Amino acid sequence: MHTRRIGDVEVSAIGLGAMPMSIEGRPDEARSLATIHAALDAGVTLIDTADAYHRDAHEVGHNETLIAKALASHDRGKDVLVATKGGHLRPGDGSWTLDGSPRHLKAACEASLRRLGVEAIGLYQFHRPDPRVPYAESVGAVRDLLDEGKILMAGISNANPDRIREANEILGGRLVSVQNQFSPAFRSSEPELRLCDELGIAFLPWSPLGGISRARELGSAYAPFARVAEAHGVSPQRVCLAWMLAKSPVVVPIPGASRPETILDSLGATELALTAEEIAELDAV
């Protein structure tokens with residue numbers, strides 16, 4: 001497995017996005033555990049989650065609990081960096097709400113610690129800016145958690161360049177990751193990716209294949225990805241991830257999966273070498 005770095009931690013070049021295993025349309029637990037174990041067997045050492053990855057109101061942290069169970073039952077579980085997030089909420093009616101208050105973030109972190117069964121969270125990220133709370137206060141809470149040793153590394157999600165710079169300043173230069181949406185269908189995070197490359201901060205594209213409902217349609221929606229995939233005898237999804245990896249050494253995609261075969265196909269992107277001409281063709285989409 002090829003590796004990259006988040007802060008001072010070496011991780012697999014592609015991580016596992018675990019959200020599909022806990023929200024609407026999720027599989028049964030047995031298949032989810034098999035998916036996580038297949039990823040670990042293949043060398044994955046980064047799993048992305050959040051306390052908001054659940055379906056019903058009474059099961060906050062479902063995904064974190066699932067991951068903890070999977071890691072505890074696998075001999076490579078201790079080698080995995082679990083990246084979780086706080087500040088987003090799901091009332092249970094399918095909607096998403098926000099709470100970026102320091103009080104909530106600190107309580108959310110404590111709850112995540114308990115669910116994950118660890119003394120310190122490997123990577124904790126502020127999930128999404130809350131317009132009702134000054135951004136500096138939210139990131140300040142993450143800084144406090146870092147200073148207190150509750151988390152080992154700090155990141156942010158859904159942030160623009162100004163907020164990346166602000167967060168890094170508040171954290172005293174200790175911002176290690178930015179998790180933003182980025183895919184062939186969503187290219188507006190290019191400036192954030194370039195800034196992360198400049199600063200040496202890991203950029204974690206979420207929904208890199210276009211999201212749960214659109215991932216299978218990537219090849220039909222974007223002909224260049226289908227053409228390059230056919231030339232290499234691989235899936236358009238694998239081409240997409242290889243294209244992202246080629247953009248910068250700070251990029252660590254976290255494709256979502258809920259089937260073993262899906263994450264195994266994604267991991268093949270680390271071995272797929274695209275030509276400069278192919279990358280240019282895909283960039284032009």
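The values are calculated or read from the model by the stated rules, or taken from the named source; none is laboratory data. These numbers were taken from a predicted model, which means no experiment stands behind them. As a convention, Cβ positions derive from the backbone with ideal geometry for all residues, glycine included, and neighbour counts pool all protein chains shown. Quick note on the areas: whole protein, heavy atoms, side chains included, nothing else; ligands and nucleic acids left out. Shrake-Rupley method; radii C 1.70, N 1.55, O 1.52, S 1.80 Å.
A count restricted to the range 182-203 and to residues that are of a type outside the set (A, V, I, L, M) and either open to solvent by 40 Å² or more (accessible area, probe 1.4 Å) or free of Cβ contacts under 8 Å to residues at least 24 places away in the same chain (or both) stands at 10. Can you name every residue in the range 22-32 that is open to solvent by 30 Å² or more (accessible area, probe 1.4 Å) and either in contact (Cβ under 8 Å) with a residue 12 or more places away in the chain or not small (Gly, Ala, Ser) (or both)? Result: GLU24, GLY25, ARG26, ASP28, GLU29, ARG31. Evaluated against (1) under 14 Å from the mean Cα position of the chain (by Cα); (2) open to solvent by less than 20 Å² (accessible area, probe 1.4 Å), TRP206 falls short on exactly one condition, (2).
Here are some residues: ALA242, ALA229, ALA273. Which one is crowded, with 23+ Cβ neighbours inside 10 Å and either out of contact with any Lys or Arg (no Cβ under 9 Å at 6 or more places or on another chain) or in a helix (DSSP H, G or I) (or both)?
Among ALA242, ALA229, ALA273, only ALA242 is crowded, with 23+ Cβ neighbours inside 10 Å and either out of contact with any Lys or Arg (no Cβ under 9 Å at 6 or more places or on another chain) or in a helix (DSSP H, G or I) (or both).
Residues checked against (1) open to solvent by 10 Å² or more (accessible area, probe 1.4 Å); (2) more than 22 Å from ARG103 (Cβ to Cβ); (3) assigned to a strand (DSSP E or B):
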residue: PRO131; (1), (2), (3): yes, no, no
residue: GLY140; (1), (2), (3): no, no, no
residue: ARG143; (1), (2), (3): yes, no, no
residue: ILE156; (1), (2), (3): no, no, yes
residue: ALA159; (1), (2), (3): no, no, no
residue: ASP162; (1), (2), (3): yes, yes, no
residue: ARG165; (1), (2), (3): yes, yes, no
residue: ASN168; (1), (2), (3): yes, yes, no
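Considering the conditions (1) in a helix (DSSP H, G or I); (2) within 26 Å of ALA38 (Cα to Cα), SER213 is excluded by exactly one of them, (1).
Scan the range 44-77 for residues that are open to solvent by 60 Å² or more (accessible area, probe 1.4 Å) and not in a helix (DSSP H, G or I) and the total you get is 5.
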